[in-house]
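Structure record follows, encoded as structure tokens.
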Amino acid sequence: MLKKQSSILKKGSKKVEKISKTISKKLPTKKIDTEKLPDHHFKKVKVKRGVSGLGLFAGEDIKKGEIIIEYIGNILNKEEAEKVTTNQYLFEVNRNKTIDGSVRWNIARYCNHTCDELGNAESEIKKGRVFIQAIKNIKEGEEITYDYGTEFFEEYIKGKGCLCRKCKK
Ligand SMILES: [Zn+2]
């Protein structure tokens, strides 16, 4: 079952600007040692500066169809998730389970948005867990990106301008 990250983002739209600022402040500036984080990457990945800020990069060749990394975080139930309005890293898995992926140890959150055909991955829900899966062969060193979906784009990206390779041209 494929579901876009955007499905929960119906609230807090007036606060978008404030949110973006808060989040960018939280982003670490130092290099992240992925080896020291909880083991949720199935493929070697690196976090480094990409086209639109920090991004997630392939640390080895990845074949189409392979799972790259799991999107992890604190698990929120429906009530808890509804209380949160200032977090663009929420990922709704199902009606009663939302992953708050804003935590430092979820390096999948560095996987940036890209518009449509340029993406080389997609998010996929399997048995209540969220995985980032390759939809193209990815070479070592390439940035891993996927389309966050229309709702997310409207809510969080459109206002400040999309920084993906396609839109930056
Ligand atoms: Zn774009």
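Bear in mind that the values in this text are calculations on the coordinates, not laboratory data. These numbers come from a predicted model, not from an experiment. Positions of Cβ are backbone-derived with ideal geometry, glycine not excepted, and every protein chain shown enters the neighbour counts.
Rounded if a/c is under 1.5, else prolate if a/b beats b/c, else oblate: with a ≥ b ≥ c from the C-alpha gyration tensor eigenvalues square-rooted, which is the stretch 36-168? It is oblate, given that a/c is not under 1.5 and a/b is not larger than b/c.
Fully extending the segment from Lys166 to Lys48 would add 40.5 nm, taking 0.36 nm per residue of separation and subtracting the current Cα-Cα distance.
Round to the nearest 0.05 the FRET efficiency obtained for Glu82 and Val103 when R0 = 22 Å and r is the Cβ-Cβ distance. Numbers along the way, then the final one.
Details: r = 19 Å, r/R0 = 0.88.
Approximately 0.70, to the nearest 0.05.
Residue exposure proxy: His113, His40, ordered by other Cβ atoms within 10 angstrom of their Cβ from fewest to most, comes out as His40, His113.
Mind sorting Tyr110, Tyr156 by how few other Cβ atoms lie within 10 Å of their own Cβ, fewest first?
Working: Tyr110 23, Tyr156 19.
Lowest to highest Cβ neighbour count: Tyr156, Tyr110.
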